[in-house]
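Chemist: Quick one: the structure is below, questions incoming.
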Amino acid sequence: MFKKMTNRYRYTIILLKQLVKTDFKIRYQNSILGYLWSLLRPLALFIILYVVFTKFLKIGTAVPHYPVYLLLGIVLWNYFIEVTTGSVSVIVSKGDIMRKINFPRYVIILAGSFSALINLFLNLIVIGVFMYLSNVEIRPVALLFPLLVIELFVFSLSVAFFLSAAFVRYRDVSYIWEVCVQGAFYATPILY
């Protein structure tokens, strides 16, 4: 049964792999720092938020290992934003390819999601180093973390599918989504 499904979706899987590789390479192609930007961006936001909220507003000082929680929250939020914001206009921007080649349209959105997932895993390695340097004790409940990442992947992908479909008909979706995302960042318990 698995072999039958693999044969049926073989072309789709090959196309998905190529799109993920291409997306990942193109994203940092003409940049001096390349992939480091995906690490520097969350770290810069972390430093700003950490200084503002712990030094000036005195939020999070009572939480043990608050910097690790803050950095992890920022990285997971950035993953969600990367998947959803990147998918909003992807169907319209890749319209030429879709008219020339016959393939399932969802592959384009999946490719962006998997590319963002690669960034997430690389950022999680950095967080692991940060946790080690901060002497964070890892508890058995941490074994549930992969399930949470899978849940975040599925949720992000579902929002991405909705946004990309809505953008095809209503171009205002991208502007509305940017406003919603900014408000949602401060409404989520990343900071407090």
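The values are calculated or read from the model by the stated rules, or taken from the named source; none is laboratory data. All values reported here derive from a predicted model rather than from experimental measurement. What goes into the accessible areas is simple: the full protein's heavy atoms, side chains included, and nothing from ligands, DNA or RNA. Shrake-Rupley method; radii C 1.70, N 1.55, O 1.52, S 1.80 Å.
Chemist: Beyond 13 Å, how much of the Cα-Cα pair distribution for the stretch 131-185 remains, as a whole percent?
Modeler: 73 percent
Chemist: Would you compute, from DSSP H runs of 4+ residues alone, the mean residue ellipticity of the chain at 222 nm, taking -39500 (n - 2.57) per run and dividing by the full residue count, rounded to the nearest 500?
Modeler: Result for the chain: -24000 deg cm²/dmol, rounded to the nearest 500.
Chemist: Also: Given 10 Å bins starting at zero, what is the percent of C-alpha pairs of the chain in each, up to the one with the largest pair distance?
Modeler: Result, from short to long distances: 8, 29, 34, 20, 8, 1 percent.
Chemist: Right, another one. Straight-line reach only, C-alpha to C-alpha below 16 angstrom: list the lysines that Lys17 could link to, leaving out same-chain residues fewer than 8 apart.
Modeler: Lys25
Chemist: D for the stretch 28-105, whole µm²/s, Stokes-Einstein with Kirkwood Rh over alpha-carbon pairs at 20 °C and 1.002 mPa s: what number?
Modeler: The estimated diffusion coefficient comes to 139 µm²/s.
Chemist: To continue, here is another question. From the gyration tensor of the Cα coordinates in the stretch 78-192, what semi-axes in whole Å does the equivalent ellipsoid have, largest first, with each one equal to sqrt(5λ)?
Modeler: 31, 18, 11
Chemist: Using alpha-carbon pairs under 8 Å, 6+ residues apart, how would you state the relative contact order of the chain in percent?
Modeler: Details: 130 pairs, mean separation 63.3, N = 192.
Taking the mean separation of contacting Cα pairs over the length of the chain, I get 33 percent.
Chemist: Apply the Karplus parameterisation 6.51 cos²θ - 1.76 cosθ + 1.60, with θ equal to phi minus 60°, to every residue of the stretch 70-82 and state each ³J(HN,Hα) to the nearest whole Hz, in sequence, with x for glycine and proline.
Modeler: Karplus values, whole Hz, x for Gly and Pro: 5, 5, 5, x, 5, 5, 5, 5, 4, 4, 4, 5, 4.
Chemist: Roughly to the nearest percent, how much of the accessible area of the chain is carbon and sulfur, given a 1.4 Å probe?
Modeler: Solvent-exposed carbon and sulfur of the chain make up 70 percent of the total.
Chemist: What figure in square angstrom, to the nearest 10, would you give for the accessible area of Asp23 with a 1.4 Å probe?
Modeler: Roll a 1.4 Å probe over it and Asp23 shows about 50 Å².
Chemist: Turning to a different aspect of this structure: Per residue, how much accessible surface does the stretch 138-192 expose to a 1.4 Å probe? Answer in Å², no decimals. Intermediate results must be reported in sequence, preceding the final value.
Modeler: Working: 4030 Å² over 55 residues.
Result: 73 Å² per residue.
Chemist: Moving on. Round to the nearest 10 and report in Å² the accessible area of Arg41, as given by a 1.4 Å probe over the protein chains' heavy atoms.
Modeler: Here the accessible area works out near 140 Å².
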